[in-house]
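Okay, structure first, notes after.
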Amino acid sequence: MFRDAGVEIVVVGGSAIEFYTEGAYTSGDLDLCLVSPGSLSLRRRQELMGKLQAEGGPRSWRVAGLFVDLLGHVENFARTQRREIAGPYGLVQVFQPEDLLVERVLVSTYPSPNEEARDCARKLLAVALRGQLEMDWPEVRRLAALPEYDNLAACEHLVAEVSDEIGVESPLHS
């Protein structure tokens, strides 16, 4: 529906991790960000969501019992391509797993410990370390070293921890 209206969106946050882990992590809502240039007016959001018989707005709705958040423009630093997953109504763009991982590790440690974010990062890591999700590990390292994240040590630590539990060598071993 969005694509037909000329609006490109991407699944982000815990929702994207839910896709990548095939439900091992469940977020409880669907988080979407705009990819299209320009803005999506509040009125246009309401019109589009109205086609889905959504209730609420202008950024959070309930659609068929599911909470859907249509956030602002996507913010990412990864150089890797967004993934596309085939859905019943076409391709769905999903945020880059490298950015998701580094972001979740940051949220799990700063400004204070967050066990839910840590658990989420661990589940994403487990899928990647088992080879069920392609992860560009040099890109993870680059992202974690950026000033926007500045959490390379925390990423290395969590990757090593999950690698040890699974019995594989850490791809971020320094």
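The values are calculated or read from the model by the stated rules, or taken from the named source; none is laboratory data. As the structure is a prediction and not an experimental result, all values here were calculated from the model. A quick note on method: Cβ atoms are made from the backbone with ideal geometry, for glycine too, and the neighbour counts reach across all protein chains shown.
With the structure loaded, tell me whether Gly90 is of a type in the set (Gly, Ala, Ser) and free of Cβ contacts under 8 Å to residues at least 12 places away in the same chain or whether it fails that test. Here the answer is no, as Gly90 does not meet what is asked. Of the residues making up region 138-156, not one is exposed (fewer than 14 other Cβ atoms within 10 Å of the Cβ), touching a residue at least 24 places away in the same chain (Cβ under 8 Å) and under 14 Å from Ala128 (Cα atoms). Only residues that are part of a strand (DSSP E or B) and either crowded, with 20+ Cβ neighbours inside 10 Å or of a type outside the set (Asp, Glu) (or both) were counted across region 54-105, and they come to 21. Here Ala121 passes the criteria (1) closer than 27 Å to Val168 by Cβ; (2) in contact (Cβ under 8 Å) with a residue 40 or more places away in the chain except the one numbered (2). Restricting region 18-53 to residues that are of a type in the set (Ser, Thr, Tyr) and loosely packed, with under 12 Cβ neighbours inside 10 Å, the residue that is nearest to Gly131 (Cα to Cα) is Ser39.
In the set (1) touching a residue at least 60 places away in the same chain (Cβ under 8 Å); (2) within 30 Å of Asp119 (Cα to Cα), the condition left unmet by Gly72 is number (1).
Kindly provide the set of residues from region 83-107 that are under 13 Å from Gly13 (Cα atoms) and not acidic (Asp, Glu), ordered by number. Scanning region 83-107 gives Gln93, Val94, Phe95, Gln96, Pro97, Leu100, Leu101, Val102, Arg104, Val105, Leu106, Val107. Quick check, is Glu134 within 18 Å of Gly13 (Cβ to Cβ), outside any helix (DSSP H, G or I), within 20 Å of the chain's Cα centre (by Cα) and assigned by TED's automatic domain parsing to the domain that holds Val102? Taking the combined requirement at face value, the residue does not satisfy it.
Scanning region 157-174 for residues being under 23 Å from Gly13 (Cβ atoms) and either among the aromatic types (Phe, Trp, Tyr) or free of Cβ contacts under 8 Å to residues at least 40 places away in the same chain (or both) gives a total of 4.
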